[in-house]
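To keep things clear, I will list the structure first and then write my remarks on it.
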Amino acid sequence: MSVHSEAAIPDSKLARAITDFVRDTETELLFNHSSRVYQFGALAGVHRGLTFDRELLYAGAMFHDIGLMPDHSSAQERFEVDGAHAARDFLTAHGVPEADVYTVWTAIALHTTPGIPVHMHPVVALVTAGVEMDVLGLTYDQYSDAERDAVVSSFPRTPGFKEDIIQAFYDGIKHKPDTTFGNVKADVIADKEPGFRKGNFCSVIRASRWPGGAHAPGCGCGQHD
């Protein structure tokens, strides 16, 4: 069984180079997950009647989690930005036009920011659509049994994928918890480290150098006992 032809992995030199690079760089768990993200994202594009460049979508999907890998993880950037930078460098080296590189960069950088990508360029929207299906299952019922079975048959999910992917997220970001401020990955660290205290947006406002404003007891600003 195969997925819709419009959602197939592109048979191109660039796509093959992406496959080889990501397979050699990521764990099998993340490689298969990223491959499913492409397939589900492409199928979402077909379902929505969108016109999209399969090569660029493939690049965005395959590189979207590469920032979790030690060789591509910075000390202080969000892992999404690390992945976007890795894709930018790879695509630029392969002669992809700057505008297309920026589209892929944006798709990767925003893939954990709900509510915004859906209104953007199809490649940006569809990388997030693939992630939301494979990790969160938000659109599970929008795919047929045959579509889901075909994707998972080609790129299997581990029996414990839900916990496995949470662990993979944690392993990739635990050394830089400050980068999770204001994004969903703070939940991952809180899940694995019960004593972890998430950054608080209101506390940042109250603790700023600007005059005025009261500090509430226990607000976490560090300005009072």
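The values are calculated or read from the model by the stated rules, or taken from the named source; none is laboratory data. What you see is a predicted model, and the numbers here were worked out from it, not measured in a lab. Cβ sites come from the backbone with ideal geometry, for glycine too, and all protein chains shown count toward neighbours. These accessible areas exclude ligands, DNA and RNA; they are computed on the full protein's heavy atoms, side chains included. Shrake-Rupley method; radii C 1.70, N 1.55, O 1.52, S 1.80 Å.
General remarks:
- One way to sum up the overall shape of region 37-159 is the equivalent ellipsoid from its Cα gyration tensor, whose semi-axes run 23, 17, 13 Å, largest first.
- Accessible area in the full protein assembly, largest first, 1.4 Å probe, for F201, F196, F63, F90: F201, F196, F90, F63
- Residue of H121, H111, H85 that the Gaussian network model of the chain assigns the largest fluctuation, springs spanning Cα pairs under 10 Å: H121
- Share of carbon and sulfur in the accessible heavy-atom surface of region 28-70 [1.4 Å probe, %]: 49
- Rolling a 1.4 Å probe over the protein heavy atoms of region 167-209, with every protein chain left in place, gives an accessible area that is 53 percent carbon and sulfur.
- Expected 222 nm ellipticity per residue - DSSP helices of 4 or more, -39500 (n - 2.57), all of the chain, to 500: -16000 deg cm²/dmol
- Of A186, A17, A109, the one that fluctuates the most in a GNM where the chain has Cα springs shorter than 10 Å: A17
- Relative contact order for region 70-145, counting Cα pairs under 8 Å that sit 6 or more residues apart, in percent: 21
- Relative contact order of region 81-201, pairs being alpha-carbon contacts under 8 Å that are 6 or more residues apart, as %: 15
- Packing, as the average of other Cβ atoms within 10 Å across residues, places the peptides 6-15, 33-42 in the order 33-42, 6-15, highest first.
- Remark: relative contact order (the chain) = 20 percent; criterion is Cα-Cα distance under 8 angstrom and separation of 6 or more residues.
- When the Cα atoms of region 85-125 are aligned to their principal axes, the ranges along those axes come out at 32, 16, 9 Å in descending order.
- Residue among G182, G130, G49 with the largest mean-square fluctuation in a Gaussian network model of the chain, springs linking Cα atoms under 10 Å: G49
- Rolling a 1.4 Å probe over the protein heavy atoms gives region 59-135 an accessible area of 39 Å² per residue.
- Descending Cα extents along the principal axes, the chain, whole Å: 63, 38, 33
- Considering only V184, L29, Y102, the residue lying farthest towards the positive end of the dipole of the chain is V184, judged by Cα position with unit charges set on Cβ.
- Rounded to the nearest 10 Å², the accessible area of E55 at probe 1.4 Å: 60
- Candidate residues D141, D171, D82: accessible-area rank, largest first, probe 1.4 Å: D141, D171, D82
- With Cα atoms, 0 to 90° folded angle of helix 28-48 axis to the chain main axis: 70
- About its Cα centre, the dipole of the chain is roughly 660 debye, where the only charges are +1 on Lys and Arg Cβ and -1 on Asp and Glu Cβ.
- C-alpha long axis of helix 122-131 to longest principal axis of the chain, angle in °: 80
- The count of lysine pairs in the chain that are at least 8 places apart or cross chains, and whose C-alpha atoms lie under 20 Å apart, stands at 10.
- Helix 79-93 vs. the chain, principal-axis angle (Cα, 0 to 90°, nearest 10): 40
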